[in-house]
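Structure, as structure tokens:
The values are calculated or read from the model by the stated rules, or taken from the named source; none is laboratory data. Everything numeric in this text was worked out from a predicted model, so none of it was measured. Heads up, the Cβs are rebuilt from the backbone with ideal geometry, glycines too, and the neighbour counts pull from every protein chain shown.
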Amino acid sequence: MKTIKLFLFGTALFLATAAQAQVSVNVNIGTPPMWGPVGYSEVQYYYLPDVEAYYDVPSSNFIYLDRGIWVHRTYLPTRYRNYDLYHGYKVVMTDYHGNTPYTHYKEHKYKYAKGYHGPAQRSIGTKPHSKNSGSYNHSSRKSYNKSNQVKGNGSYNKGHGESKGNGGNKGNGGNKGNGKHK
């Protein structure tokens with residue numbers, strides 16, 4: 001009888017420990033970006049009025065219109081490649097819970113027009129310093145600068161016209177550049 005009680009007590013203790021472990025599981029919905037506003041660690045979306053886009057915190061994706069279709073990307077469109085996320089205003093979507101914040105896009109666009117600034121905001125982190133001061137890497141996206149464009153051997157060019165080409169001669173106008181020639 002004593003062994004049965006001991007066995008039941010051990011089983012109950014084991015089950016209580018297992019139940020406690022399941023209850024204490026922490027669900028993290030996503031880590032806000034360093035450029036996100038302070039004080040909103042549990043929010044799902046920001047609306048960025050200056051670029052007319054949403055940011056999905058859990059998936060780390062921007063949501064914006066691309067040729068009439070809402071797309072989810074880890075980067076902003078190229079026309080906003082120099083947009084400063086640290087200093088741009090973020091409307092924190094505390095009243096929306098769902099997967100398609102853009103269903104309210106028309107009212108957000110009207111209520112929070114480009115240039116909108118509500119109460120003062122501080123970013124979670126500080127803006128990293130970049131060697132290419134004219135461009136900022138929003139996430140895993142490549143920074144765009146002159147090194148991403150077509151180059152000759154020395155100066156920036158588009159490979160035709162009067163600019164220097166690969167052989168030091170003028171563009172593609174019949175002069176010989178790099179490679180074997182007859």
Out of all the residues in region 82-91, is one or more closer than 23 Å to Val38 by Cβ, of a type in the set (A, V, I, L, M) and not in a loop (DSSP other than H, G, I, E, B)? yes
Out of everything in region 103-120 that is at pLDDT 95 or above and either surrounded by 17 or more Cβ atoms within 10 Å (Cβ to Cβ) or of a type in the set (A, V, I, L, M, F, W, C) (or both), what residue ends up being farthest from Tyr46 (Cα to Cα)? Ala113
Give the residue that is farthest from the chain's Cα centre (by Cα), with candidates limited to residues of region 37-74 that are in a loop (DSSP other than H, G, I, E, B), of a type in the set (A, V, I, L, M, F, W, C) and surrounded by 20 or more Cβ atoms within 10 Å (Cβ to Cβ). Val43
Which numbered condition in (1) surrounded by 15 or more Cβ atoms within 10 Å (Cβ to Cβ); (2) aromatic (Phe, Trp, Tyr); (3) at pLDDT 95 or above is the only one that Tyr96 fails? (3)
